[in-house]
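The structure appears right after this line, and notes come after that.
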């Protein structure tokens, strides 16, 4: 069986990202074009093939093993993530001491998927927290960036949305267009085609979900890493020392933001692998002042704190695995972290 591509995204989503290099890109337009072409080629060779609209075929070396690799990774998701009910567990938030009760991955997933989900619940009168805490919960649930409060409750919730928006334009812009090159169908679509009846996915709300465009890359995964880097970069540039920054909290947030998309069944693990690789390669270009420190920070976060990384490590690295090329490419990007660890 050859898996079909995702259909055409909506017009609104096609213009979310203009494809231009990020505003903080420190190189030239030519540097960006070379960077992007190299990334696309590596993904099509090792992770997922590109869809050729002219011929109606998948292209790239990965096309030879894409269907079996997709079947294998969805099987890993079913057996190691969905079966454990991780979405209904409370994430590790090492420094959180705030007044609100800790929430599950699913609660945070809902915030991160759609702006204002819990604000609407509160306005409808649904009992979420005692009345004294409703105002704070409104702030936490009002924007995807504010989920970071559960990792570092000292953040200024008024500043997080604008900082997230700055990250989107200045660090992330250009990467979304990758979805229109690979046209990868979402896991729920391919699981159905492959007859994987045990596969389940979660929506943030009954009728709302942002996963209505191709799967690769995972925008949430890339945004979580870049947002955490943006905060740490801002603190370092303001003169804060590493030992004075809650790096454990930001490391966990950085990977959880994207991991939750796989826990929820709306992304493949390899979508995150592609996102991890893209961000690690981008960091020196979009964070020129603190690039080496932030790269080591993200490498360590992926390796040591991502539940997804831990779940796929053994399954993807077996010699007979069609997923081995993706795993090998990821290890090449993580290798420099062996020289030091900052988280």
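A short reminder: the numbers here are calculations on the coordinates, not readings from a lab. This is a predicted model, so every value here is computed, not measured. Cβ atoms come from the backbone with ideal geometry, glycine included; neighbour counts cover every protein chain shown.
Brief remarks on what is shown
- Calculated mean residue ellipticity, 222 nm, the chain: -15000 deg cm²/dmol, from DSSP H runs (n ≥ 4) at -39500 (n - 2.57) each, averaged per residue and rounded to 500.
- Cα shape, region 1-117, gyration tensor, a/c 1.5 rule: oblate
- Sequence-separation-based contact order of region 25-87, relative, with Cα cut under 8 Å and 6+ spacing, percent: 20 percent
- Sorting the segments 185-196, 318-329 by their residues' average number of neighbouring beta-carbon atoms within 10 angstrom, most packed first, yields 185-196, 318-329.
- Label zone (residue 8, point 7 Å along Cα-to-C-beta; backbone nitrogen cut-off 16 Å) within region 174-198: 180-181, 183.
- Protection proxy ranking of 91-97, 154-160, by the mean of other Cβ atoms within 10 Å over each peptide's residues and highest first, is 91-97, 154-160.
- Full extension of the segment from residue 26 to residue 95, taken as 0.36 nm per residue of separation minus the current Cα-Cα distance, would add 21.5 nm.
- Correct choice for percent of Cα pairs over 36 Å apart that was computed from the model, options (1) 16; (2) 38; (3) 24: (1)
- Pairwise FRET efficiency - residue 135 versus residue 45, Cβ, R0 = 51 Å, nearest 0.05: 0.50
- Most to least packed among 261-272, 39-50 [average Cβ atoms within 10 Å]: 261-272, 39-50
- Chain lengthening between residue 57 and residue 1 when straightened (0.36 nm per residue, less Cα-Cα): 18.9 nm
- For region 274-340, the square roots of the Cα gyration tensor eigenvalues, ordered a ≥ b ≥ c, give a/c of at least 1.5 with a/b greater than b/c, which places it in the prolate category.
- The distance separating the Cα centre of region 153-192 from that of region 54-110 comes to 15 Å.
- Region 203-343 shape via C-alpha gyration tensor axes, a/c threshold 1.5: oblate
- Available extension along the chain between residue 159 and residue 198 is 9.9 nm, counting 0.36 nm per residue and deducting the alpha carbon span.
- Remark: spin-label model distance residue 83-residue 34 equals 4.7 nm, labels positioned 7 Å along the Cα→Cβ axis.
- Percent RCO, i.e. relative contact order, over the chain, from Cα pairs under 8 Å lying at least 6 residues apart: 23 percent
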